Amino acid sequence: MDVHTAIRTRRDMEGFAPDTPPREVIERIIEAATWAPNHRLTEPWRFAVLAGAGRDAMADGVQTWLESTDATEGAIRSARNKVLRAPIILIVAQVSRPEDPVRDLEDYAACMCAIENLLLEAHAEGLAVHFSTDRTMLGDGPKAYLGLQPEDRLVAYLNIGYPKPDAEPKVATRQPAVVRWDWS
Ligand SMILES: Cc1cc2nc3c(=O)[nH]c(=O)nc-3n(C[C@H](O)[C@H](O)[C@H](O)COP(=O)(O)O)c2cc1C
């Protein structure tokens with residue numbers, strides 16, 4: 001698939017078939033992520049891949065952390081479901097530099113660039129990906145389980161699998177965003 005097509009046909013997907021994609025495909029999409037632009041070549045991204053039963057401890061960790069907050073039962077159920085909804089959850093994190101706020105911001109942006117690369121590569125591989133974020137990303141428990149430091153940042157939860165045959169992508173439209181062109 002060429003890049004023009006990949007950019008325009010990739011859509012966030014929420015319905016997954018039960019099969020787990022092969023490990024080599026996941027390795028390829030992570031490798032694609034690492035070609036993202038990153039100022040000073042800090043390579044701030046870290047990836048955690050949890051597949052099958054490997055997702056359970058993360059789901060438990062997220063639940064335990066939420067139980068220590070004011071989260072409702074519904075919110076806890078929904079957070080568990082976020083971890084378990086696809087055969088694989090790939091978590092993207094940023095090694096954070098709180099002592100250098102400019103670098104920290106640049107590194108967060110680089111992680112988002114890496115995620116877009118990953119999403120496009122996954123699409124070209126025929127995978128479905130659901131991107132999500134929530135308050136559990138702020139919890140020290142989930143970070144510790146992934147081997148991250150408290151100051152590090154969880155950037156995205158990416159549920160990954162093959163699309164369910166009848167899965168419909170979310171409707172996505174785009175508005176022109178250029179507010180001014182002075183082109184002489
Ligand atoms: C930073 C970020 C956070 C997101 N968090 C969520 C989320 O928590 N739940 C969700 O359903 N989608 C989430 N999304 C996915 C967007 O809803 C999705 O990209 C948007 O609907 C546009 O659809 P498209 O990706 O198919 O173009 C997130 C996307 C980004 C970039």
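Quick notes on this structure:
- For the stretch 128-145, Karplus couplings with θ = phi - 60° (6.51, -1.76, 1.60), whole Hz, Gly/Pro x: 9, 9, 10, 9, 9, 9, 6, 5, 5, 5, 8, x, 5, x, x, 5, 4, 4
- Normalising the average separation of contacting C-alpha pairs (under 8 angstrom, six or more residues apart) by the number of residues puts the relative contact order of the chain at 36 percent.
- A 1.4 Å probe run over the stretch 3-161, with the rest of the protein chains in place, finds 49 Å² accessible per residue.
- Here residue 140 and residue 184 are evaluated by their C-beta separation; at R0 = 35 Å the FRET efficiency comes out at 0.05.
- The Rg/Rh ratio of the chain, with Rg taken over Cα atoms and Rh as the Kirkwood radius over Cα pairs, comes to 0.99.
- Charge dipole (Cα centre; +1 on Lys/Arg Cβ, -1 on Asp/Glu Cβ; no other charges) of the chain amounts to roughly 380 debye.
- Centroid-to-centroid separation of the stretch 1-65 and the stretch 132-158 [C-alpha atoms, Å]: 15
- Computed from backbone phi, the HN-Hα couplings of the stretch 75-85 come to 5, 5, 4, 5, 5, 4, 4, 4, 6, 9, 5 Hz, rounded to whole numbers (Karplus: 6.51 cos²θ - 1.76 cosθ + 1.60, θ = phi - 60°; Gly and Pro given as x).
- Amide H within-cut-off set for residue 129, under 5 Å, with H built and near neighbours excluded: 13
- For residue 96, the amide hydrogen comes within under 5 Å of the amide hydrogens of 152, 153, counting only partners 5 or more places away or on other chains and with H modelled in the peptide plane.
- Solvent-accessible surface of protein heavy atoms, probed at 1.4 angstrom with all chains present, puts 68, 96, 184 in the order 184, 68, 96, largest first.
- Under 11 Å, Cβ to Cβ, from residue 113 - net charge with Lys/Arg +1 and Asp/Glu -1: -3
- Our coupling estimate for the stretch 25-42, obtained by passing each phi through the Karplus curve with A = 6.51, B = -1.76, C = 1.60 and θ = phi - 60°, is 5, 5, 4, 5, 6, 5, 4, 4, 4, 6, 8, 5, x, 8, 4, 6, 6, 6 Hz, Gly and Pro reported as x.
- Solvent-accessible surface (1.4 angstrom probe) belonging to residue 145, in square angstrom, nearest 10: 110
- Ligands, DNA and RNA left out, the accessible area of the stretch 3-161 computed with a 1.4 Å probe is 54% carbon and sulfur.
The values are calculated or read from the model by the stated rules, or taken from the named source; none is laboratory data. None of the values given here were measured: they were computed from a predicted structure. Neighbour counts run over all protein chains shown; Cβ positions are idealised from the backbone, glycine included. For accessibility, only protein heavy atoms count, side chains too; no ligands or nucleic acids. Shrake-Rupley method; radii C 1.70, N 1.55, O 1.52, S 1.80 Å.
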